[in-house]
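Working notes for the structure below.
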Amino acid sequence: DIRLKKNIVYSHTENGHKIYEFEYKNEPNVKYSGVMAQEVLETNPSAVIEEDGYYKVHYDMLGLTMKKLN
C-alpha cells in the first residue's frame, strides 16, 4: 500500500506492472523493490486484498516477487 511507503522511485516495468524502489515508513534505510497495490488494484484486483485498512498484493498471482535490496 502506497500509504505505508516513502522515497518511492519508479524503476522499471515487469510483467506489465510498474516496479518501484521504496522504503517502508516504519523501516527506514531498508530499500525494497515492488509494485504499488493501488496500481495493481486497477489492473488485477483479484491479486489485492485489504487487511487492517491497507492493501496487500499477492505477488505470486502477478508472476513477480517483492525484493529486499539491502
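The values are calculated or read from the model by the stated rules, or taken from the named source; none is laboratory data. Everything numeric here is computed off the predicted structure, so don't read it as measured data. Quick reminder, even Gly has a Cβ in these numbers, built from the backbone with ideal geometry, and neighbours come from all protein chains shown. Ligands, DNA and RNA are stripped out before the accessible areas are found, and what is left, the full protein with its side chains, is counted by its heavy atoms. Shrake-Rupley method; radii C 1.70, N 1.55, O 1.52, S 1.80 Å.
The rows are residues; the columns are (1) open to solvent by less than 50 Å² (accessible area, probe 1.4 Å); (2) of a type outside the set (V, I, T); (3) outside any helix (DSSP H, G or I); (4) in contact with a Lys or Arg (Cβ under 8 Å, 6 or more places away or on another chain).
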position	(1), (2), (3), (4)
R3	no, yes, no, no
I8	no, no, yes, no
E23	yes, yes, yes, yes
G63	no, yes, yes, no
N70	no, yes, yes, yes
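For the stretch 11-21, filtered to residues that are in contact with an Asp or Glu (Cβ under 8 Å, 6 or more places away or on another chain) and not small (G, A, S), the residue that is least open to solvent (accessible area, probe 1.4 Å) is H17.
Filtering the stretch 25-60 to residues that are on the phi < 0 side of the Ramachandran plot, open to solvent by 70 Å² or more (accessible area, probe 1.4 Å) and over 13 Å from the mean Cα position of the chain (by Cα) leaves K25, N26, E42, T43, P45, S46, E50, E51.
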